[in-house]
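Novice: Right, I'll just put the structure down here and ask away after.
Laboratory data are not the source of any read-out in this text; all were calculated from the coordinates shown. Please read all numbers here as calculations on a predicted model, not as lab measurements.
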Amino acid sequence: EAQVTQNPRYLITVTGKKLTVTCSQNMNHEYMSWYRQDPGLGLRQIYYSMNVEVTDKGDVPEGYKVSRKEKRNFPLILESPSPNQTSLYFCASSLGPNTDTQYFGPGTRLTVL
Amino acid sequence: GDSVTQMEGPVTLSEEAFLTINCTYTATGYPSLFWYVQYPGEGLQLLLKATKADDKGSNKGFEATYRKETTSFHLEKGSVQVSDSAVYFCALTSHTNAGKSTFGDGTTLTVKP
């Protein structure tokens, strides 16, 4: 089944404790992206990747890191999480960056205390 | 930068009512336009898309037409069902800034029997 998977689905952590949210797709997509969803703010793009070893900042990259060492994986790293990073995070992938449909993962709900 | 403005919600309709959710955008060049739907507890999924001016996207009775002259992509459905209750997001992907995606704030639709 074609899908985007994210882990963990739920996470409660404390300020400053490094964490990684994994994202994996099995559709051989070139493009992957991370978003955060906050009430009243819609989805905002954090980082995206056009291909392996190619990443770029979205609209809200501060406090986040990403890497794209393999085509299928695109982990999101929070080196020192803060409470304002409490949010619902979505990973997405698509064949290409412009006209193609993005396929979204199920989301990761992160709470930083 | 690019932006998407959606009709504010929430929207509550009775079953079989006509639905319109307005979406206007600001973008450099000619973006691709999308409507995504998010059911409770799930990730986003594509509802329909249009990649050039005057294109009409349609799916499951929903329609939207890419209007360059009014920079709009309004979502319509002639007769909504209870199962259409969800959050709807208008989005664009930039052709001049490949990889960037911009989403609206989302409109929550509730359909009552």
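Novice: Aspartates and glutamates near B:Lys52 by alpha-carbon distance under 16 Å, same-chain residues fewer than 8 away left out - which ones?
Specialist: Straight-distance partners of B:Lys52: A:Asp100, B:Glu63, B:Glu69.
Novice: Further, regarding this structure: Students often forget the sequence filter, so: which lysines lie under 26 Å Cα-Cα from A:Lys65 once same-chain residues fewer than 8 apart are removed?
Specialist: A:Lys17, A:Lys18, A:Lys57, B:Lys100
Novice: What do you get for Rg/Rh of chain B when both radii come from the Cα atoms and Rh is the Kirkwood radius? It would help to have the intermediate numbers written out before the result.
Specialist: On the way: Rg = 13.6 Å, Rh = 14.1 Å.
My calculation puts Rg/Rh at 0.97.
Novice: Where does the protein assembly as shown land on Rg/Rh, using Cα atoms and the Kirkwood Rh?
Specialist: We get a ratio of 0.97 for the protein assembly as shown.
Novice: So which aspartates and glutamates pass the test for B:Lys60, namely a Cα distance under 18 Å, with those fewer than 8 places away in the same chain ruled out?
Specialist: Reachable aspartates and glutamates: B:Glu15, B:Glu16, B:Glu76, B:Asp84.
Novice: Okay, moving on. Expressed as a rounded percentage, what relative contact order does chain A have, with Cα pairs under 8 Å and six or more residues apart?
Specialist: For chain A, the relative contact order is 36 percent.
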